[in-house]
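Below is one structure; the comments refer to it alone.
The values are calculated or read from the model by the stated rules, or taken from the named source; none is laboratory data. This structure is a prediction, so every number in the text was calculated from the model and none was measured. Using ideal geometry, Cβ is built from the backbone for each residue, glycine included, and neighbour counts are taken over all protein chains shown. SASA here: full protein model, heavy atoms, side chains in, ligands and nucleic acids out. Shrake-Rupley method; radii C 1.70, N 1.55, O 1.52, S 1.80 Å.
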Amino acid sequence: MLEFFQQLANGLIIGSTYALLTIGLTMVFGLMQILNYAHGEFYMLGGVVAFWVTQALHLNFFLSIIVTVAICFMLGLVFERILMRRLYEVPIVTTAIVTVGLSIFLQNSVFMLWGNVPRTIPTPFPLKPLTIGGLTFTSLRIFVLIVTIAVIVFTQIIIHRTKLGRAMRATFQDKDVAAMTGISIRKIYALTFAYGSALAGLAGVLCGSYLTISPFMGSSVTTKAWAIAIVGGIGNIPGAIFGGFLLGVVESLGAGYLSAAYKDAYSFIIVILVLVFRPNGLFSKKEL
Amino acid sequence: MLEIKDIKVAYKRTQVIYGLSLHVDEGELVALIGANGAGKSTTLRTISGLLHPSAGSIQYRGADIHKLLPEQIVRLGIAHCPEGRRVWPKLTVEENLSLGGYILPKQRVLEKMESMYAHFPILKDRRSQLAGSMSGGEQQMLAIARTLMCQPSFMLFDEPSLGLAPRIVEQVMDIIANINKKENVTVLLVEQNANMALSIADRAYVIESGQLTLEGKAADLRQDDYVRKAYLGK
Ligand SMILES: Nc1ncnc2c1ncn2[C@@H]1O[C@H](COP(=O)(O)OP(=O)(O)OP(=O)(O)O)[C@@H](O)[C@H]1O
Ligand SMILES: [Mg+2]
């Protein structure tokens with residue numbers, strides 16, 4: 001039984017980073033109809049930038065997180081400005097092709113500049129695990145869980161309690177009317193894309209502190225985020241959060257009780273089941 | 001106040017408006033009537049900046065506005081109450097209203113909201129209900145109130161009577177006439193319900209297949225043989 005709870009807890013921790021990763025993807029698709037295949041590259045950039053910041057600028061781990069998230073937000077604004085903005089009125093397939101291109105470009109640029117040596121972001125957390133109620137965790141993983149949950153709550157507060165969030169929801173539901181009441185749709189799009197990129201970057205730093213960072217780590221993450229977005233219902237943020245935790249737990253339990261070798265396959269089994277039984281996702285309506 | 005000169009408007013490749021000119025003077029209530037697909041909504045959408053004319057110009061208080069974005073046009077005081085109500089279904093009544101005053105400072109929004117609640121008591125009772133769960137008539141009231149929130153000096157109404165019971169239609173027309181007469185808001189009203197529109201309008205235009213075919217005082221058009229046959233069903 002203890003084994004079960006341990007796997008469950010591990011799954012929730014991984015799942016929280018999945019949720020973080022998927023929020024941006026699902027918002028960008030829901031709002032702007034862009035199939036962003038480069039989303040995982042922002043996750044990768046988060047890891048790479050944080051590593052670089054801790055090494056070259058000698059910032060400590062916590063500061064490096066803040067700096068990295070800010071940089072990813074800014075990169076999001078830049079890419080929105082030079083690329084995404086051109087994709088708002090084009091067919092969805094085109095957006096997929098262009099973002100696949102962006103993904104290849106970013107992967108190989110980082111590969112050229114940085115090489116392909118797997119690295120890990122150094123953290124000040126002790127390696128010795130903590131024991132809480134019979135379950136063992138590293139303090140780093142607990143830190144990851146706290147940060148992701150705080151950011152998810154923060155995101156919900158922005159969306160549901162602020163004027164900006166209200167404007168985002170209105171744009172989501174009817175963008176023409178939103179524009180006619182004075183909301184700048186361009187600004188909402190740019191901020192949404194940048195925010196999603198920043199969240200992906202944050203997930204990258206957090207995962208990069210206990211997994212390894214490499215220029216190509218984003219691809220599998222993009223696929224997984226899509227799987228989660230589909231499970232949750234594309235364009236639905238509560239769905240993305242729930243789906244993230246669900247897939248984290250399923251993977252963890254699957255790896256613990258069945259076979260760790262097929263860890264990534266379990267998510268896709270869930271996707272197939274959802275597509276068969278609830279083709280629009282668990283939370284089927286578009287909803288911020 | 002508003003002067004449209006010979007605009008042509010197209011969606012992608014299909015042209016819909018073929019050289020349309022009209023003007024609305026300060027304080028007037030002008031009706032634009034025409035059949036399905038004549039181009040009424042397209043004209044309003046072009047005024048409020050959702051579409052841009054491929055030729056011609058639109059001037060508001062003497063300045064060209066046809067290249068501006070919707071969020072700039074509403075800041076000039078032009079507000080558009082769209083066809084089919086288009087309230088945000090998953091926002092509450094209060095959130096809908098508050099976003100209607102998006103361009104105003106917070107304090108002003110609260111004041112405006114109170115005055116809307118005074119004008120439309122039904123909205124006050126429903127303030128925390130999701131807009132999508134209200135009846136068609138209530139949604140139309142909300143759509144009008146939301147458009148009024150930004151303190152416009154010029155309002156565009158697109159078929160506010162669509163899908164409403166006759167009694168509610170009369171109520172809506174009274175509200176629009178009041179907005180025009182009492183609050184001094186200039187109005188351009190698009191309607192298929194020509195009878196209703198002509199009963200409250202000062203002047204009217206008739207649009208057919210993207211071009212104006214008639215214009216005149218509302219009272220005169222009601223006597224016009226062609227209008228009576230084609231639009232008033234007499
Ligand atoms: N988004 C669009 N894309 C392509 N064509 C459109 C679009 N919207 C409208 N049209 C076409 O433009 C023409 C004018 O449409 P519009 O909506 O302006 O008519 P309307 O006078 O408002 O009609 P109704 O009384 O039915 O609302 C129609 O032929 C319509 O099919
Ligand atoms: Mg119309």
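What number of residues within segment A:236-288 satisfy the criterion of being at pLDDT below 85, of a type in the set (A, V, I, L, M) and touching a strand residue (DSSP E or B) at 6+ places or on another chain (Cβ under 9 Å)?
Total meeting the criteria: 1.
Regarding B:Glu111, is this residue surrounded by fewer than 20 Cβ atoms within 10 Å (Cβ to Cβ), within 16 Å of ligand 1 (Cβ to nearest atom) and on the phi < 0 side of the Ramachandran plot?
Here the answer is no, as B:Glu111 does not meet what is asked.
Select from segment A:1-38 the residues that are under 18 Å from A:Ile188 (Cα atoms) and assigned to a helix (DSSP H, G or I) and list them in ascending order.
Residues satisfying the conditions are A:Ile23, A:Gly24, A:Leu25, A:Thr26, A:Met27, A:Val28, A:Phe29, A:Gly30, A:Leu31, A:Met32.
For residues in segment B:43-59 being open to solvent by less than 10 Å² (accessible area, probe 1.4 Å) and away from every other protein chain (no Cβ under 13 Å), which is nearest to ligand 2 (Cβ to nearest atom)?
Here the answer is B:Thr43.
Can you name the condition, by its number, that A:Gly182 falls short on among (1) assigned to a helix (DSSP H, G or I); (2) within 14 Å of another protein chain (Cβ to nearest Cβ)?
A:Gly182 satisfies every listed condition except (1).
Before we move on, is B:Ile168 within 16 Å of ligand 2 (Cβ to nearest atom), of a type in the set (Val, Ile, Thr), away from chain A (no Cβ under 14 Å) and touching a residue at least 24 places away in the same chain (Cβ under 8 Å)?
no
Residue-by-condition table, conditions (1) over 16 Å from A:Tyr195 (Cα atoms); (2) polar (S, T, N, Q); (3) open to solvent by less than 50 Å² (accessible area, probe 1.4 Å):
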| site | (1), (2), (3) |
| --- | --- |
| A:Gln6 | yes, yes, yes |
| A:Asn10 | yes, yes, yes |
| A:Val28 | no, no, yes |
| A:Tyr37 | yes, no, no |
| A:Glu41 | no, no, yes |
| A:Asn60 | yes, yes, no |
| A:Val69 | no, no, yes |
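Among the numbered criteria (1) open to solvent by 20 Å² or more (accessible area, probe 1.4 Å); (2) among the aliphatic types (A, V, I, L, M); (3) away from every other protein chain (no Cβ under 14 Å); (4) touching a residue at least 24 places away in the same chain (Cβ under 8 Å), which single criterion is violated by A:Leu164?
(3)
Give the residues of segment A:195-214 that are buried (at least 23 other Cβ atoms within 10 Å of the Cβ) and either of a type in the set (S, T, N, Q) or more than 18 Å from A:Ser16 (Cα to Cα) (or both), sorted by residue number.
Passing the criteria: A:Ser197, A:Ser209, A:Ile213.
Which is modelled with pLDDT of 95 or more, open to solvent by 50 Å² or more (accessible area, probe 1.4 Å) and either of a type outside the set (Asp, Glu) or under 13 Å from A:Gln33 (Cα atoms) (or both), of A:Leu102, A:Leu77, A:Leu106?
So the residue among A:Leu102, A:Leu77, A:Leu106 that is modelled with pLDDT of 95 or more, open to solvent by 50 Å² or more (accessible area, probe 1.4 Å) and either of a type outside the set (Asp, Glu) or under 13 Å from A:Gln33 (Cα atoms) (or both) is A:Leu77.
Would you call A:Phe111 aromatic (Phe, Trp, Tyr) and closer than 30 Å to A:Asn10 by Cβ?
No, not satisfied.
Among the strands (runs of 3 or more DSSP E) lying completely within segment B:3-108, list those that include at least 2 residues that are within 11 Å of ligand 1 (Cβ to nearest atom) and within 13 Å of B:Leu188 (Cβ to Cβ).
Correct list: B:29-33.
Which condition does B:Pro152 not pass, out of (1) under 26 Å from B:Leu51 (Cβ atoms); (2) crowded, with 24+ Cβ neighbours inside 10 Å, if it passes all the others?
Tallying (1) under 26 Å from B:Leu51 (Cβ atoms); (2) crowded, with 24+ Cβ neighbours inside 10 Å, B:Pro152 fails exactly one: (2).
Can you pull out the residues in segment B:119-140 that are hydrophobic (A, V, I, L, M, F, W, C), open to solvent by less than 30 Å² (accessible area, probe 1.4 Å), assigned to a helix (DSSP H, G or I) and farther than 10 Å from B:Val87 by Cα?
Matches in segment B:119-140: B:Leu123 only.
Taking segment B:165-194 on its own, how many of its residues are assigned to a loop (DSSP other than H, G, I, E, B) and more than 15 Å from ligand 1 (Cβ to nearest atom)? I'd like the intermediate steps shown before the answer.
Of the residues in segment B:165-194, the ones assigned to a loop (DSSP other than H, G, I, E, B) are B:165, B:182-185, B:192-193.
Narrowing the set further to residues that are more than 15 Å from ligand 1 (Cβ to nearest atom) leaves B:165, B:182-185.
Total meeting the criteria: 5.
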